[in-house]
Every structure is written in structure tokens, then in C-alpha cells.
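The values are calculated or read from the model by the stated rules, or taken from the named source; none is laboratory data. Being a predicted model, the structure only gives us computed values, none of them experimental. Note that each Cβ is placed from the backbone with ideal geometry, even for glycine, and that neighbours are counted across all protein chains shown. Keep in mind that these areas ignore ligands, DNA and RNA; they rest on the heavy atoms of the full protein, side chains included. Shrake-Rupley method; radii C 1.70, N 1.55, O 1.52, S 1.80 Å.
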Amino acid sequence: SESALIKAGENFIFVIPDPNGAAIYKLDKNYNLIWKKVTPILLDPVKSQVKNEKIFILGYDQKKNRVALLEYDLNGKLEKIKYFAKQYNLARDFVITNTKTYVAVTEYSPNNNSDIIIYSDEGIKLTLSSPNMDDVNFIKPYKNGLLIIGTTLGKSENVLIAYKTFDNKTVWAKIIDLGMDEKPVRVAIKNNEITLEILSTDNMGAEKDV
């Protein structure tokens, strides 16, 4: 779909799953194919973006069972593969700020809980956990750190939002409970004001955007 296209100058990039990994397509402004590449690892792609004249693809390496971030140039040449987190952690989102990269994963523990962990390529590790099962959907640059948006599952699933600095200090954290099961579907930040779109689902399966 057109919403899956990522702008790359006058052209477009989109990434979809492929039996041999992830397929990367570059299209011209008239949607004609310029080139197609398939990742050299069996990657389940999660998020992609174009930044600093590079294509970044976050996903899960199904052979190594690790979170992987692949970096291509705009001609389709693979430049780097970086691995993050422990085995079997789930890739969720990533941001690139200047030259730093932050990758958000959901980490499951032996006691059937899950926590939100954010790794950087410079050794920084941010954590967000509660007694419930926590899952991360989005991370965004925010003030002097990162905004973390996800869900926490207790008696019901609610939206979890927190602001953490890069030294792992939690400035604030909030749970949004609208009386049903909620999950975030979109987040926007403008002038440090946060706008969340939340999908609520009742126990009969009815959905409502709020």
C-alpha cells in the first residue's frame, strides 16, 4: 500500500517479508522498480526507515534468534548488520538521533513476565519494567531522552507511556486505562506535546479509536 512507502529523495523504499529474508524495493517517483534486494539473513522485518542517506531495517534473525538492524546505502549495498539484546528478545522499534542508534525490544523472563529494554550501539541500556507483562510499541526522541510507548498487561491490557533520560532515570511514567483493553496505534510529538491514538477493544471484540 502507499502508506508503506518510505520517502528516499525523489524515490521510495518499501520492505516486505520474503521466503528467504526481507525483500527491499526501490521505486522511482512513478512507482517503477529501480532495484530489488533480499537480505542475506532470514530476517522477519519489523520497522524500516530512511535517514542520513541510509536505509535501516529492524527485524528478527530467525536463524540466530536475535534482534538485528541492517544498514544499506540507497543503491542497495549492505553496509552493516548489528545485533542487539539477548536471544529470543522481540524487535519492536528503533530511533536514530545524530549518530546514535537506540533499539527497543521486549524481553521475556523465566517467570512469564516481560520487560521493556532499550539498547544503544554505544552500550547504553535503558529498562522499564513493572510487576505486569510489559511490551513496547514505539520509542521516540523526547527532550533529553526517549519517550517509550507500549502496553502493560494485568487484569486488562492498558497503555503504558514513560519518559526516560539516557542515564536510565524515569522522569515520569503513566498508565492509561479506558476501561477496556487498549493498545497504542500512533504517536506524534510536536513542541514537546504528545498526541496518542489508542485502540480500545471490549470483551466482545468491538473496537474503538480514541
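Among what's in region 102-124 and is touching a Ser or Thr at 6+ places or on another chain (Cβ under 7 Å) and within 16 Å of F56 (Cα to Cα), pick the residue that is surrounded by the most Cβ atoms within 10 Å (Cβ to Cβ).
It comes out as Y102.
So if I check each of T151, T127, T99, which one is touching a strand residue (DSSP E or B) at 6+ places or on another chain (Cβ under 8 Å), open to solvent by 40 Å² or more (accessible area, probe 1.4 Å) and not basic (K, R)?
Values: T151 fails: open to solvent by 40 Å² or more (accessible area, probe 1.4 Å); T99 fails: touching a strand residue (DSSP E or B) at 6+ places or on another chain (Cβ under 8 Å).
Just a single option satisfies the conditions, and that option is T127.
Taking region 63-87, which residues are within 16 Å of the chain's Cα centre (by Cα) and open to solvent by 60 Å² or more (accessible area, probe 1.4 Å)?
R66, K82, Y83
Given the condition in contact with a Leu (Cβ under 9 Å, 6 or more places away or on another chain), assigned to a strand (DSSP E or B), closer than 28 Å to I148 by Cα and without any contact (Cβ under 8 Å) to a residue 12 or more places away in the chain, answer yes or no: does some residue in region 35-54 qualify?
no
Just need a number here: residues in region 76-90 that are farther than 14 Å from G21 by Cβ and touching a residue at least 12 places away in the same chain (Cβ under 8 Å). Outline the logic, then answer.
Narrowing region 76-90 to residues farther than 14 Å from G21 by Cβ: 77, 79-80, 82-90.
With the extra rule that they be touching a residue at least 12 places away in the same chain (Cβ under 8 Å), the set shrinks to 79, 82-90.
Selection size over region 76-90: 10.
Quick one: W172 ticks every box in (1) over 19 Å from R92 (Cβ atoms); (2) aromatic (F, W, Y); (3) surrounded by 13 or more Cβ atoms within 10 Å (Cβ to Cβ) bar one, so which box is it?
(3)
Could you identify the single residue in K63, K47 that is at pLDDT 95 or above and more than 28 Å from Y163 (Cβ to Cβ)?
K63
List, please: which pairs have Cβ atoms under 9 Å, are six or more places apart or on different chains, and start with a residue in region 156-185 that is closer than 20 Å to I118 by Cβ and touching a residue at least 24 places away in the same chain (Cβ under 8 Å) and end with one that is assigned to a loop (DSSP other than H, G, I, E, B) and hydroxyl-bearing (S, T, Y)?
From region 156-185, the pairs are L160/S130; A173/S130.
The conditions are (1) surrounded by fewer than 18 Cβ atoms within 10 Å (Cβ to Cβ); (2) within 14 Å of the chain's Cα centre (by Cα), and R92 fails exactly one of them. Which is it?
That leaves (1) as the condition not met.
Give the number of residues within region 9-50 that are hydrophobic (A, V, I, L, M, F, W, C) and surrounded by fewer than 16 Cβ atoms within 10 Å (Cβ to Cβ).
The number of residues fulfilling the criteria is 5.
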